[in-house]
Amino acid sequence: MATIIKAAPKVGMVSLGCPKALVDSERILTKLRADGYGLSPDYAGADVVLVNTCGFLDSAKEESLEAIGEAIAENGRVIVTGCMGNEADVIRARFPDVLAITGAHQYEAVVSAVHEAAPPTRGAFVDLVPEGGLKLTPRHYSYLKISEGCNHSCAFCIIPTLRGKLASRRIDAVLREAEKLVSAGTKELLVISQDTSAYGVDTRHEPREWQGRQVRAHMTDLARELGSLRTSDGIAPWVRLHYVYPYPHVDDVIPLMAEGYLTPYLDIPFQHAAPDVLKAMKRPANDAKVLERIRKWRSIAPDIAIRSSFVVGFPGETESDFEYLLNWLEEAQLDRVGAFRFEPVDGAQANDLPNPVPEEVKEERFQRIMAKTAAISAAKLGAKVGRSIPVIIDEIGDVDEDGSIGATGRSQADAPEIDGHVYLRDVAPTLKAGDVVLVNVEDADKHDLFGVVA
Ligand code: SF4
């Protein structure tokens, strides 16, 4: 008698928010896949839809609510998870039909809610999880989450309330995950957390055994070990550090860039430069020292690309504070800058500060900072024209009418999804995503480079 295998239930996933939330989505899907679920790329084919929400800013909350509404309208069977899950009342008031609501990192709870909504078909024919887990990012780059939560209390931020105090993962567990990812094809590791430079502070940098040695849970040790991993072809992966808080010990990782362990890239959100604004934000407020440090970093690792983000229109920010920031940016010559107009977030201390900046002033300052940083970026990219630089390939284009093929990649100065691209012309048909090639840069604009494989 034939064995009838019931079709596996399918899960749809809408993943909103930051890369950290994306890692959560990957973990949830990996577990569901291990439990025998299939994935549906659209609403129609899904037995249940998971919406992984972001609750950081009010605008992100609104986007999350819209996504939940769309999933309800299109499919009707919806489970909500992620940061906004902590505000179950708001979600229930608007969408009483959601099947379940769980908060950020409640993997077990969200998986059991899926089991309840669409029971799994178990048996000998359960799908296998690909090595390295199931990934929403392309196979050649992977996010590596090293900790949760944050011990700071920046006035504009509610992450510590949402995610709690810093909780670092064991260093051996992080390295084992990274090793698996690299042997499964990852060529670029993106280290993420709420505060990467604080890694291990909560565990007193507890050492663990890794490959016969004791390795501390510390950003510097982590960076060195990640940079020592090798793909099956013996190639070192690119390793980027994201969300680095400007502690003095960040200086210690810069030599690792010069020595080739780390990609010369640092994502370090400074948020502002004017001392009074930084103080009001409850951020480290010695801007002159920061400029000095940036100079030193560049003398050690000349190609270092520094990405940062800034908030404009913070309560009490005066025109002269803002001009101070623009002048500071002129000095600092940062490579990549993201700017945000201050937005009061429910529950943030900054909401009680006096002297809110009017919306039209915020907007005007936002336009000015964007123009300033675009000009710096254009000049810095222009200086790369004529150089040969390594580029990781993300995507190969279609064959053009004249038979040529283009490709899109990124230089070491470009993290995926947030920075620029390198557009290549006339690539070989054998080129594939994840390859790292040397590229002659032929042209540049404000954000991107254009070139040809050397
Ligand atoms: S360091 Fe980052 S996550 Fe922590 S409170 Fe400040 S802004 Fe929020």
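One residue stands out in segment 31-56 among those that are at pLDDT below 90, out of contact with any Gly (no Cβ under 6 Å at 6 or more places or on another chain) and buried (at least 24 other Cβ atoms within 10 Å of the Cβ): the one that is nearest to Val110 (Cα to Cα), namely Leu32. Among the residues of segment 217-257, those that are within 16 Å of the ligand (Cβ to nearest atom) and either touching a residue at least 40 places away in the same chain (Cβ under 8 Å) or more than 20 Å from the chain's Cα centre (by Cα) (or both) comprise Leu241, His242, Tyr243, Val244, Tyr245, Pro246, Tyr247, Pro248, His249, Val250.
Cβ-Cβ distances below 6 Å connect the following pairs, each with a first residue in segment 355-368 that is in the same structural domain as Ala280 (by TED's automatic domain parsing) and closer than 14 Å to Ser320 by Cα, a second residue that is among the hydrophobic types (A, V, I, L, M, F, W, C) and not in a loop (DSSP other than H, G, I, E, B), and a separation of six or more residues or different chains: Arg365/Val312; Arg365/Phe322.
This table checks each residue for (1) within 22 Å of the chain's Cα centre (by Cα); (2) assigned by TED's automatic domain parsing to the domain that holds Ser168; (3) charged (D, E, K, R); (4) assigned to a helix (DSSP H, G or I).
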| position | (1), (2), (3), (4) |
| --- | --- |
| Val80 | yes, no, no, no |
| Gly85 | yes, no, no, yes |
| Asp89 | no, no, yes, yes |
| Ala104 | yes, no, no, no |
| Val111 | no, no, no, yes |
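Checking each residue in segment 141-192 for being assigned to a loop (DSSP other than H, G, I, E, B) and either within 22 Å of Val215 (Cα to Cα) or away from the ligand (no atom under 16 Å from the Cβ) (or both) picks out Ile146, Leu166, Arg169, Arg170, Ala184, Gly185, Thr186, Lys187. With respect to the stated conditions, Ala301 is more than 16 Å from the ligand (Cβ to nearest atom) and closer than 19 Å to Asp414 by Cβ. Selection of segment 319-342 for residues being surrounded by fewer than 17 Cβ atoms within 10 Å (Cβ to Cβ) and in a loop (DSSP other than H, G, I, E, B) yields only Gln333.
Per-residue answers, yes or no, for (1) within 24 Å of the chain's Cα centre (by Cα); (2) closer than 30 Å to Lys187 by Cβ:
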{"residue": "Gly260", "(1), (2)": "yes, yes"}
{"residue": "His272", "(1), (2)": "yes, no"}
{"residue": "Leu291", "(1), (2)": "no, no"}
{"residue": "Ala301", "(1), (2)": "yes, yes"}
{"residue": "Ile306", "(1), (2)": "yes, yes"}
{"residue": "Val311", "(1), (2)": "yes, no"}
{"residue": "Leu325", "(1), (2)": "no, no"}
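Test Asp443 against the stated conditions and say whether it is among the charged types (D, E, K, R), more than 26 Å from the chain's Cα centre (by Cα) and in a loop (DSSP other than H, G, I, E, B). No. Scanning segment 159-193 for residues that are within 30 Å of Pro356 (Cα to Cα) and either surrounded by fewer than 19 Cβ atoms within 10 Å (Cβ to Cβ) or charged (D, E, K, R) (or both) turns up Pro160, Thr161, Arg163, Gly164, Lys165. Taking segment 199-218 as the range and being buried (at least 22 other Cβ atoms within 10 Å of the Cβ) and hydrophobic (A, V, I, L, M, F, W, C) as the test, only Ala217 passes.
The values are calculated or read from the model by the stated rules, or taken from the named source; none is laboratory data. Source: prediction; values computed, not measured. Because the Cβ atoms are built from the backbone with ideal geometry, glycine has one as well, and the counts that use them run over all protein chains shown.
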